[in-house]
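Some notes on the structure that comes next.
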Amino acid sequence: MSIDARAFVLGCSAIGAGIAACAGLGTGIGQGFAAGKGAEAVGRQPEARGTILSTLLVGDAVAETSAIYGLVVALILLFANPLVGQL
Amino acid sequence: MSENLSIKHYGIFLPGGVEITQTLVSMWIVMGILITFAVIARCKLRSFKPVPAGFQNFVELIVDIFDNFVVSTMGERYSYFANWFFGVFSFILLSNLSGLIILRPPTADLACTAALGLSTFVLIHFFGIAKNFKEYWKSYFQPLPFLFPLNVISELAVPVSLSFRLFGATLGGFILMGLVYNLFPMFLLFGLPAAFHGYFDVFAGCLQAYIFTILSMTFIRGKLPE
């Protein structure tokens, strides 16, 4: 059985996109950790709820960057594949 | 994969090679809404009364909320940034919400978010040099002089991460909505997409607009004197 070069590259790109999306793993753990700490802080100091919430959201946004980079890599591999053009 | 699932732009070419894409059209619609609102608010400004009611109440409410937001993040001294950030915030918010009326969100295009990220970049360095000249250059050699290249890279990463965050979040939501509409069986398409729109367009859209503005404010504030 012979494999078309284009099909091979496309299939490997799809696998690569799936692996790139794994970047969300660490972000999920990190954001869950931050949210848990935020809930703890609100429990200890309920009157500072607004400040804690905005700090938590900004921290989460920065932590989310790596997951979004993974998503962008996955999207490029799926929809704007640069490797197929090099065949 | 069905044709509808592709994230390709659909556009028409004008004579002269200018392409009118979906992003451009929905951006014009968002700009039209914002400009119309601004013009109406400006015309009504003459008839504003000391005791607000109705439309005046709404305008004063949003301006007041935003002024307080900027003052609490950047301090009383830099409250004039509220003008710029109110425009940016309302543009990003309406762009993200435009997915609700079947437009392609303009922020799902890297060109749009890169323009927003670059304007933050210009503001950071313009105000850093103009207001805080000595400290600005000194900050590149902190904490140790040989870390200069790393400081430059971290400055250059700011607009990239700002624009890619907004772009990735919006485009991800856009693609997931496309998946929901194309892959779900017919009987699931009554009412259920509203929940997904509520999450991806309304919740994530408001959150990303808020995060873009507050991160820009924090970065600009970091280069300004106390």
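Within region B:146-159, the presence of at least one residue that is in contact with a Gly (Cβ under 7 Å, 6 or more places away or on another chain) and at pLDDT 90 or above is confirmed. The residue of region A:76-87 that is farthest from B:PHE164 (Cα to Cα), among those that are within 13 Å of another protein chain (Cβ to nearest Cβ) and either open to solvent by less than 30 Å² (accessible area, probe 1.4 Å) or of a type outside the set (A, V, I, L, M) (or both), is A:ASN81. So in region A:10-25, with the set limited to residues that are under 12 Å from the mean Cα position of the chain (by Cα) and open to solvent by 50 Å² or more (accessible area, probe 1.4 Å), which one is farthest from A:SER54 (Cα to Cα)? So, considering only residues that are under 12 Å from the mean Cα position of the chain (by Cα) and open to solvent by 50 Å² or more (accessible area, probe 1.4 Å), the one farthest from A:SER54 (Cα to Cα) is A:ILE19. Given the structure, is B:PHE37 aromatic (Phe, Trp, Tyr), surrounded by fewer than 20 Cβ atoms within 10 Å (Cβ to Cβ) and closer than 19 Å to B:THR213 by Cα? For B:PHE37, the condition - aromatic (Phe, Trp, Tyr), surrounded by fewer than 20 Cβ atoms within 10 Å (Cβ to Cβ) and closer than 19 Å to B:THR213 by Cα - is not met. Find the residue count for region A:45-55, including only residues that are open to solvent by less than 40 Å² (accessible area, probe 1.4 Å) and at the interface with chain B (Cβ under 10 Å from one of its Cβ atoms). Of the residues in that region, 1 qualify. The residues of region A:61-70 that are open to solvent by less than 30 Å² (accessible area, probe 1.4 Å) and free of Cβ contacts under 8 Å to residues at least 24 places away in the same chain, listed by number, are A:ALA61, A:THR65, A:ILE68. A single entry from A:VAL42, A:VAL58, A:VAL73 fulfils the requirement of being surrounded by 13 or more Cβ atoms within 10 Å (Cβ to Cβ), in a helix (DSSP H, G or I) and more than 14 Å from chain B (Cβ to nearest Cβ): A:VAL42.
Which one of B:LEU100, B:LEU118, B:LEU94, B:LEU123 is open to solvent by 50 Å² or more (accessible area, probe 1.4 Å), touching a residue at least 60 places away in the same chain (Cβ under 8 Å), within 14 Å of B:PHE212 (Cβ to Cβ) and not β-branched (Val, Ile, Thr)?
On inspection, the qualifying residue turns out to be B:LEU94.
Just one of (1) touching a residue at least 24 places away in the same chain (Cβ under 8 Å); (2) open to solvent by less than 70 Å² (accessible area, probe 1.4 Å) fails for B:TRP84. It is (2). Out of the residues in region B:200-215 that are aromatic (Phe, Trp, Tyr) and in contact with a Gly (Cβ under 9 Å, 6 or more places away or on another chain), state the one that is farthest from the other protein chains (Cβ to nearest Cβ). So, considering only residues that are aromatic (Phe, Trp, Tyr) and in contact with a Gly (Cβ under 9 Å, 6 or more places away or on another chain), the one farthest from the other protein chains (Cβ to nearest Cβ) is B:PHE200. Within region B:160-172, the only residue that satisfies the criterion of being touching a Gly at 6+ places or on another chain (Cβ under 7 Å) and more than 10 Å from chain A (Cβ to nearest Cβ) is B:SER163. Residues in region B:216-226 that are outside any helix (DSSP H, G or I) and either within 14 Å of chain A (Cβ to nearest Cβ) or open to solvent by less than 20 Å² (accessible area, probe 1.4 Å) (or both): B:LEU224 alone. Please indicate, with yes or no, whether at least one residue in region B:53-75 is buried (at least 18 other Cβ atoms within 10 Å of the Cβ), small (Gly, Ala, Ser) and free of Cβ contacts under 8 Å to residues at least 60 places away in the same chain. Looking for residues that are buried (at least 18 other Cβ atoms within 10 Å of the Cβ), small (Gly, Ala, Ser) and free of Cβ contacts under 8 Å to residues at least 60 places away in the same chain, one finds none in region B:53-75, hence no.
The values are calculated or read from the model by the stated rules, or taken from the named source; none is laboratory data. The structure presented is a predicted model; accordingly, all values stated were derived computationally and were not measured. Heads up, the Cβs are rebuilt from the backbone with ideal geometry, glycines too, and the neighbour counts pull from every protein chain shown. These area figures cover heavy atoms from the full protein model, side chains too; ligands, DNA and RNA do not enter into them. Shrake-Rupley method; radii C 1.70, N 1.55, O 1.52, S 1.80 Å.
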